[in-house]
Amino acid sequence: MVTVVRRTLHDKIFIIALICAGLSLFIGTPQLTAINWATIGTLFALMISVQLLRAMHLLDTLRDWLLVKSHDTRQMCQLFILLAFGGSMILTNDVAILTLIPIFLTLARRQHLAIAYPATLIIMAANLGSAFTPIGNPQNLFLVTFYHVNLFTFFKLSTPLMLASLALLVALSWRLPHLSLTVTPTKSTPISRSQIGLAGGLLSFIMLGIFNLVPISLVIIGTIVVGLMINRRVFQYVDYALLLTFICFFIFVSAISHNPAITHWLNQLTQTAPSVYITGLITSQVISNVPATILLANFTPHLSALFLGVNIGGLGSLVASLANLLALKQLLPFNNEQPLHHFLIVFTALNGLGLFILGLGGWFYLHL
């Protein structure tokens, strides 16, 4: 318990969100009813299920399988990109980055690879892949619960973006270095199929709750019970700082949404789908796509434009997605070996390119 509290209080992203929430009190008066507890509870249940999968060493086994299948460094990096892209759809972009980036950096160090280009593509893959499912990232989870989106409508929105994102990542990956691979996989911990089946069933149960097919309170209780049955220690690895950060986002958004001047300004910016789309792209670059989603959803019925704007808006600046900041944390220990400023230059260039290409594609898609 002490470790969990200490880890939460030392989380810089949470501290920044808490300060922003506090400062927002000088702008407007927040309403506690504005906190979407269904989103918070669903995110908590999702974190428990993800930690169960991590405790089963599923990703470790997938990593070793990818290494066995890789013939050179380019293919190894491409497979990591695909794993981040696909894994983030179920495990969220945050978990995909926190799990894969350290593994990749260790392998890259052994291969003497420059990490900036492939690491950036892995981060981009996690952000873009997570946009495909309602549980892939916090903004999608919020959009589904806020707009009461059904499964068909959601995937109708997300599939074109997923296909365009995959094509972009594949094209960019062909500039990766093509060197001989000497790393051999380590011995993995055996996986229990029955436990994986139970965890997979739990994820499906959570999906039913997200789409209002099962009461969300039942989903949360059921997830806690399953977590206690399989592995009680997973609760100490839940990212409580992220849950509190999300609550701070709701308070921040509620406060500024009750400022008459800001409310008038946002109403003017969200009258049409194209304006919502552009506002989502730009706002995400400044305050990150999760708070941008919570803020703009209160002013617009244009779900398609907002979905595309905030998910594509996760590309671009370092703060455009919280997952980018998590990735930066993983890279800090490697600063002495490969300068961080070089990574930031490559990261900004590639993300800027991705933002331009997909942003332009999203604009034309909305006008079809």
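Residue count for segment 276-302, restricted to those that are part of a helix (DSSP H, G or I), of a type outside the set (Val, Ile, Thr) and open to solvent by 30 Å² or more (accessible area, probe 1.4 Å): 1. Open to solvent by 10 Å² or more (accessible area, probe 1.4 Å) and among the aromatic types (Phe, Trp, Tyr): is that true of Phe104 in this structure? For Phe104, the condition - open to solvent by 10 Å² or more (accessible area, probe 1.4 Å) and among the aromatic types (Phe, Trp, Tyr) - is not met. Taking segment 217-231 as the range and being of a type in the set (S, T, N, Q) and part of a helix (DSSP H, G or I) as the test, the residues that pass are Ser217, Thr223. Report, by residue number, each residue of segment 227-245 that is surrounded by fewer than 14 Cβ atoms within 10 Å (Cβ to Cβ) and in contact (Cβ under 8 Å) with a residue 40 or more places away in the chain. Listed by number, the residues that qualify are Arg233, Gln236. State whether the residues of segment 160-170 include one that is modelled with pLDDT of 75 or more, closer than 30 Å to Ser304 by Cα and not hydrophobic (A, V, I, L, M, F, W, C). Yes, that holds for at least one residue. With respect to the conditions (1) over 30 Å from Val5 (Cβ atoms); (2) among the aromatic types (Phe, Trp, Tyr); (3) under 18 Å from the mean Cα position of the chain (by Cα), Phe246 falls short on a single one, namely (1). Please determine, by comparing only the residues of segment 10-27 that are more than 25 Å from Tyr237 (Cα to Cα) and part of a loop (DSSP other than H, G, I, E, B), which one is most open to solvent (accessible area, probe 1.4 Å). Restricting to residues being more than 25 Å from Tyr237 (Cα to Cα) and part of a loop (DSSP other than H, G, I, E, B), the top hit is Phe26. Across segment 125-141, the qualifying residues are those that are at pLDDT below 90 and part of a helix (DSSP H, G or I), and the one among them that is farthest from the chain's Cα centre (by Cα) is Leu141. Residue under question is Gln111, and the condition is that it be surrounded by fewer than 21 Cβ atoms within 10 Å (Cβ to Cβ), out of contact with any His (no Cβ under 8 Å at 6 or more places or on another chain) and modelled with pLDDT under 80; does it hold? Against the criterion (surrounded by fewer than 21 Cβ atoms within 10 Å (Cβ to Cβ), out of contact with any His (no Cβ under 8 Å at 6 or more places or on another chain) and modelled with pLDDT under 80), Gln111 qualifies.
Quick check on my filter: what residues within segment 303-332 are touching a residue at least 60 places away in the same chain (Cβ under 8 Å), part of a helix (DSSP H, G or I) and not hydrophobic (A, V, I, L, M, F, W, C)? Scanning segment 303-332 gives Ser304, Asn311, Asn324, Gln330. Gly86 satisfies every condition listed in (1) in a helix (DSSP H, G or I); (2) touching a residue at least 60 places away in the same chain (Cβ under 8 Å) except (2).
Scanning segment 28-43 for any residue that is within 27 Å of Leu340 (Cβ to Cβ) and either more than 20 Å from the chain's Cα centre (by Cα) or part of a helix (DSSP H, G or I) (or both) turns up nothing. Does segment 312-334 contain any residue that is closer than 26 Å to Leu53 by Cβ and modelled with pLDDT of 90 or more? Looking for residues that are closer than 26 Å to Leu53 by Cβ and modelled with pLDDT of 90 or more, one finds at least one in segment 312-334, hence yes.
Among the residues of segment 348-367, is there at least one that is open to solvent by less than 40 Å² (accessible area, probe 1.4 Å) and either modelled with pLDDT under 85 or among the β-branched types (Val, Ile, Thr) (or both)? Scanning segment 348-367, I find no residue that is open to solvent by less than 40 Å² (accessible area, probe 1.4 Å) and either modelled with pLDDT under 85 or among the β-branched types (Val, Ile, Thr) (or both), so the answer is no. Scanning segment 68-101 for residues that are farther than 29 Å from Ile48 by Cβ and hydrophobic (A, V, I, L, M, F, W, C), we see that the one that is surrounded by the fewest Cβ atoms within 10 Å (Cβ to Cβ) is Val68.
Looking at Ile196, Ile224, which one is over 20 Å from the mean Cα position of the chain (by Cα), modelled with pLDDT under 80, β-branched (Val, Ile, Thr) and surrounded by fewer than 19 Cβ atoms within 10 Å (Cβ to Cβ)?
That would be Ile196, the only listed residue that is over 20 Å from the mean Cα position of the chain (by Cα), modelled with pLDDT under 80, β-branched (Val, Ile, Thr) and surrounded by fewer than 19 Cβ atoms within 10 Å (Cβ to Cβ).
Listed by first and then second residue, the pairs with beta-carbon distance under 6 Å, at least 6 apart or on different chains, first residue in segment 94-107 and within 15 Å of Leu332 (Cα to Cα) and assigned to a helix (DSSP H, G or I), second open to solvent by 20 Å² or more (accessible area, probe 1.4 Å) and of a type in the set (Lys, Arg), are Ile103/Arg63.
The values are calculated or read from the model by the stated rules, or taken from the named source; none is laboratory data. The structure presented is a predicted model; accordingly, all values stated were derived computationally and were not measured. Virtual Cβ from ideal backbone geometry, glycine too; neighbours counted across all protein chains shown. For the accessible areas, the whole protein counts, side chains as well, though only heavy atoms, and no ligand, DNA or RNA atoms are used. Shrake-Rupley method; radii C 1.70, N 1.55, O 1.52, S 1.80 Å.
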